[in-house]
Amino acid sequence: MYLEYYGLTRPPFDLTPNPSFLFHSAKHREALNHLLFGIRERKGFVQLTGEVGAGKTTLCRAALEQLDGRFSTALILNPVLSAGELMKAIAREFGLPIHSLNLDRLETLALLNEFLLKQAEQNRETVLIIDEAQDLTDELLEQVRLLSNLETDHGKLVQIVLLGQPELRDRLNHPRLRQLRQRITVRYHLAPLTRFETGQYVQHRLELAGSKGAPFFTRPALWRVFRYSSGIPRLINAVCDKALLAGFVTQTDCINYHTISRAVRELEGDIHG
């Protein structure tokens, strides 16, 4: 709605994880390097944690874009499944034609093992990424660990990346999951943006959306954005998108403290506050 008014080519604060908008702060570069190192060096398990909306999924998609054609990947976005359903979901993501087969969990695992062996014979790498991994039950985490047992004399057949909220770290620190925790050799926790990085992030996304100087966020406005979002990119996007709409309604290019405060009230449902 406001794109034409501001002269933008695309929405700068879309909530959809889009790797083309990835903000390369020092911590984001480090997280991306951890992901790529763990995958390319065949470390078996990689763990990436961060608060809700910190940018884990965007980083994951950016990492996938940097993998060349010798990598086969599967991405599980909703792991709240039974053990059998999880194995079938993984097989489907790898493109295996299981929809016409009535397989149980062990049969699906055997089919996956056969696929992984063929990939290895063709010198192809296989990567499984599980998002929202903190929602995995202990049974499912054990199933994922068993999947990592599939190997040849030369190494693991599948590299597994677990993305999750900080609760994932707490879960994996429990003694009953020590076998899985011991296999995770690459870990990174993605911290929120600082106040300075928040301003850089807002400007970065505006420039990628085609901004030529408008809209303009004042320093007090950026301070209010940081105070509301605590440096969480998803919350930054939400409040800035609301603020641009408010600026469009009032026909102003200048997004000030008052505009951000109004956006915050609307997001929190306090339109009269």
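Nothing in this text is a laboratory measurement; each read-out follows from the coordinates by a stated rule. All values derive from a computational prediction rather than experimental measurement. Here the Cβ positions follow ideal geometry from the backbone for every residue, glycine too, while neighbour counts run over all protein chains shown.
Compared with the dominant principal axis of the Cα atoms in the chain, helix 56-65 is inclined by about 70°.
Taking the range 91-119 and a reference point 7 angstrom along Cα→Cβ of GLU142, the backbone N atoms nearer than 18 Å belong to 105-107, 109. Comparing ARG171, ARG227, ARG145 in a Gaussian network model of the chain, where Cα atoms under 10 Å apart are tied by springs, the biggest mean-square fluctuation is seen for ARG227.
Fully extending the segment from LYS118 to ARG70, taken as 0.36 nm per residue of separation minus the present Cα-Cα distance, adds 16.0 nm.
Pairs exceeding 26 Å between alpha-carbon atoms, taken from LYS212/LYS242; LYS27/LYS88; LYS88/LYS118; LYS56/LYS118: LYS27/LYS88; LYS56/LYS118. Which residues in the range 54-72 place their backbone N less than 13 Å from a point set 7 Å from the Cα of LEU267 along the Cα-to-Cβ direction? Inside the label zone: 54.
Each Lys or Arg adds one and each Asp or Glu subtracts one; over the other residues with Cβ under 13 Å from the Cβ of GLU93, this totals 0. Report the label-to-label distance for TRP223 and GLN251 in nanometres (one decimal), using points 7 Å from each Cα along the Cα→Cβ vector. Computed distance between label sites TRP223 and GLN251 equals 3.1 nm. Comparing Cα centroids, the range 120-136 and the range 1-69 end up 17 angstrom apart. In terms of Cα atoms, the Rg and Dmax of the chain work out to 21.6, 67 Å. Along the axis of the charge dipole computed for the range 26-190 (Cβ charges of +1 for Lys and Arg, -1 for Asp and Glu, origin at the Cα centre), the listed residues GLY53, THR185, LEU103 are led at the positive end by THR185. Length gained on full extension, ARG29 to SER82: 15.6 nm, using 0.36 nm per residue less the C-alpha separation. DSSP finds beta bridges in the chain, and of those with both partners inside it, around 10 percent are antiparallel.
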